[in-house]
Each structure stands twice: as C-alpha cells, then as structure tokens.
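**Q** Have a look at this one before I ask anything.
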Amino acid sequence: MSRVFSGVQPTGNIHIGNYLGALRQFVDLQDGSECIYCIVDMHAITVPQDPKELKKHILDVAALYMAIGVDPKKSIVFVQSDVKQHAELGWILNCNTYMGELSRMTQYKQKKQKSENPSVGLFDYPVLMASDILLYDTDVVPVGNDQKQHIELARDIAIRVNGKYGKTFVVPEGRFMKSGARVMSLDDPTSKMSKSNPNEKSRICLLDEPGKVKKAIMSATTDSEGVIRYSIKEKPGISNLLDIYSAFSGKSVAKIVKEYEGHGYGDFKKDLVEVVNTSLDPIRARFEEIRNSKELVEALKDGAEKASEIAERTMKRVKSNMGLGL
Ligand code: AMP
Ligand code: TRP
C-alpha cells in the first residue's frame, strides 16, 4: 500500500484554494493508501505568530481536516511539533542541501519581500518540508501547484542522500489536482488566492458565513466583455470563477460554458454562490461539532504517538547509514 503525507499550516483563513488544491485530495486518498496528515506548526513560526492565536489555529485546522472528511480512524492526524524527529531530521538534511538550491525557491523570494527581516527559518522552510515527507517513507504528496518546487527539492535531497549513504529514503512524488490546483484571488485573478491578502473579499474561507461568500463572489473582478467563456489570458477573472464552479459541481468547464450561453455575469455569479454554499454548508456544520469535542485532542495525541513510531524507525536508519551517534 502506498504511503501518503501532506501538511497544512495552522495560520487561519483556510480558503477554497487550500481545499480544492490540497485538502480535498486528502479525503479521496484515504481508502486506498496509508495516509498521514500533519498540522505544520513549525512551518507557521517561520513568520511571526501570536502564541494564543497559533494554538487556536492548530485545533481549527485539525477540526477542519475532520470536517471535510479526514477520518482519524483511517488516517494518522497529528501536530508537527509533537513529533521531535521532524526537527532532528531537518538538521541532518540541512547538511545535505546547498545554499544555492534554497536561494532559487520562488516562494522564499516572494515571502522575503513581505518580511522586513526574514528569519533563517523562512529560508530553510523547504528543508523542514523535505524532512516531513522523507521521515515517513512517503510515496505520494497531495499538494497545490505552488508546492511543486518544494517537492522537487525533497526528491533531489532524497536522491542525493541515497547516492552518498546508500538507500535511505523513498523518493516521493507530488500529486496535483486537474481542477483547483491553483485557485486565483477574487480581487486580482492574476495572483493566487492566499491566506495573507489583506483584502478579505479576495478569498472564500471554508468557514465564511453564506452571506460573506455571496459578497465575495458578487464583487469578484471580471471584465467588460459580458460573455462567459474560458481564457485564462484574456479573461482571468471569469476563467477562475469557471474553475471554481467546475471543481465544486463536478461539471466540466465546457458544459458550464454551454449552460450559460446568452447569460450575463450576474446570473452566473448568483448560481456560483449557490454551488459554493451548498458544498460548504455541511463542512461548516461538522466543524462546529468537532472543534468543541473531546475526541479532537485525543485523536491528535493518538496520531502523534503513531507518527513518532514510524519517524523513529526512519531516524535509526538515517543515523546508522550516516555514521551518527553511538
Ligand atoms: P498552506 O496554507 O500554505 O499550508 O497551503 C496548504 C495547501 O494548500 C498546500 O498544498 C498548497 O499548495 C495549497 N494551496 C494554497 N493556496 C492555493 C491556491 N490558491 N490554489 C490551490 N492550492 C493552494
Ligand atoms: N509548505 C506547505 C505549504 O505551505 C505545507 C507543508 C509543510 C507540506 N510540510 C509539508 C505539504 C509536507 C506537504 C508535505 O502549503
């Protein structure tokens, strides 16, 4: 059975980009694979965090995983900092990664610009991500398109270590969705939907109230042509909304375009509000129930124990192959 690993940062504002690009796949993969899903709090602290908020967001993301259908009886769900081997392997992989490789990471280049005084952790972020993945002999990593370069790096590090020290790591592969792998901002459809955009109407969060979802969609940037057709270059706004419609409804973009022949953007947007809210309703309801339950913390503790066992086996192998320790 193949092993699946993925992680999401506990930074609030989990949006439909996160859901359509990554989280949705977590659920689909549960039945045919051994899945491990992590809340990557140590990645979150690469930029400043308020401790109280961080703690709250850890439990929010855990409850969201479960609200969308991740089942802790089938999958291992845990918090990254509860398994110390992530940091341990991180150091060892640091010593097998080059400054030049990390300097080329586009996400670092973008994030660096937003930060006055970027931390070493922000630069080193992709190595910690490689540790997360390689620690569990992961075959498949379901993520959004923006993580492609990081997955490539994890593969390069695995291949390099295997070459230097003998077979140590499984070389992982990324898994990307066909639709929803890159959901764009509603206010500026040429940049990706992100948790950190100061304009709240730029994104739809999974827990937004129906009225807020409506406002965000109705005010989404489009164009003045007035015809519903798909062209990312000429019509990035409408194309993004078509992608979102398609991902939530399961209908192909071509079919949706046909259905809206002769209709204006207003009609299309109104229906999209319905489609999105119908999909989010059950998630919102389950979230409230799970977030306030005792089982949530129990499931995370149990997950950390199971994850630690696997991680420790890998660390023994790594240390032995590299000649570390007694
Ligand atoms: P993060 O919140 O940065 O931890 O991202 C969690 C997951 O969501 C990762 O797999 C990302 O690749 C994915 N993701 C983030 N933003 C988007 C987006 N706008 N479209 C599609 N996937 C995304
Ligand atoms: N870097 C990922 C993101 O920002 C989150 C992440 C951390 C991750 N470790 C991971 C994703 C391991 C997949 C596998 O989206």
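**Q** Taking the highest mean first, how do the peptides 87-99, 184-196, 59-71 order by number of other beta carbon atoms within 10 angstrom per residue?
**A** Values: 87-99: 15.8, 184-196: 18.5, 59-71: 21.4.
For the peptides 87-99, 184-196, 59-71, the packing ranking is 59-71, 184-196, 87-99.
**Q** Still on this structure: For the residue pair Lys316 and Lys301, what label-to-label distance in nm results when each label sits 7 Å from Cα along the Cα-to-beta-carbon direction?
**A** The answer from the label model is 2.6 nm.
**Q** Let me ask you something else. Report the calculated FRET efficiency for Lys167 and Met1 (r = Cβ-Cβ distance, R0 = 22 Å), to the nearest 0.05.
**A** FRET efficiency, Lys167 to Met1: 0.65.
**Q** Still on this structure, I have one more. Scan around Ser185 for amide H atoms under 5 Å from its own, H built in the peptide plane at 1.01 Å from N, and keep only partners 5 or more places away or cross-chain.
**A** HN-HN under 5 Å from Ser185: Ser191, Lys192, Met193.
**Q** A follow-up question, please. For n ≥ 4 DSSP H runs only, could you compute -39500 (n - 2.57) per run for the chain, divide by its residues and tell me the 222 nm figure to the nearest 500? All intermediate terms of the calculation are to be shown ahead of the outcome.
**A** Details: 13 runs with 170 residues, N = 326.
Calculated mean residue ellipticity at 222 nm is -16500 deg cm²/dmol.
**Q** How big is the chain by the Kirkwood estimate over distinct Cα pairs, in Å? Kindly include the intermediate steps, with their values, before the conclusion.
**A** On the way: mean 1/r = 0.0480 Å⁻¹.
Its Kirkwood hydrodynamic radius stands at 20.8 Å.
**Q** Right, something else. Amide H to amide H under 5 Å from Arg175: which residues, 5+ apart in sequence or cross-chain, H placed 1.01 Å off N in plane?
**A** Under 5 Å from the amide H of Arg175 lie the amide H atoms of Val141, Val143, each far enough along the sequence or on another chain.
**Q** Could you tell me the relative contact order of segment 200-287? Use alpha-carbon pairs under 8 Å, at least six residues apart, and round to a whole percent. List each step's numbers first, then the result.
**A** Numbers: 79 pairs, mean separation 29.6, N = 88.
Result for segment 200-287 is 34 percent.
**Q** Now for a separate question. If you average the alpha carbon positions of segment 158-180 and of segment 87-116, how far apart do those two centres end up, in angstrom?
**A** 17 Å
**Q** Here is a further query. Whole-Hz ³J(HN,Hα) for each residue in segment 2-19, computed from phi via Karplus 6.51 cos²θ - 1.76 cosθ + 1.60 with θ = phi - 60°, x for glycine and proline: what do you get?
**A** Ordered by residue, 3J(HN,Hα) equals 7, 9, 10, 9, 8, x, 10, 7, x, 10, x, 6, 5, 10, 5, x, 4, 5 Hz.
**Q** Now for a different question. Measure up Lys111/Lys214; Lys109/Lys233; Lys178/Lys269 against 27 Å on the Cα-Cα distance and list the ones that go over.
**A** Values: Lys111/Lys214 30 Å; Lys109/Lys233 25 Å; Lys178/Lys269 22 Å.
Table pairs above 27 Å Cα-Cα are Lys111/Lys214.
No value in this document is a laboratory result; all are computed from the given coordinates. Not measured: the values here are computed from a predicted model. Ideal geometry is used to build each Cβ from the backbone, glycine not excepted, and the neighbour counts take in all protein chains shown.
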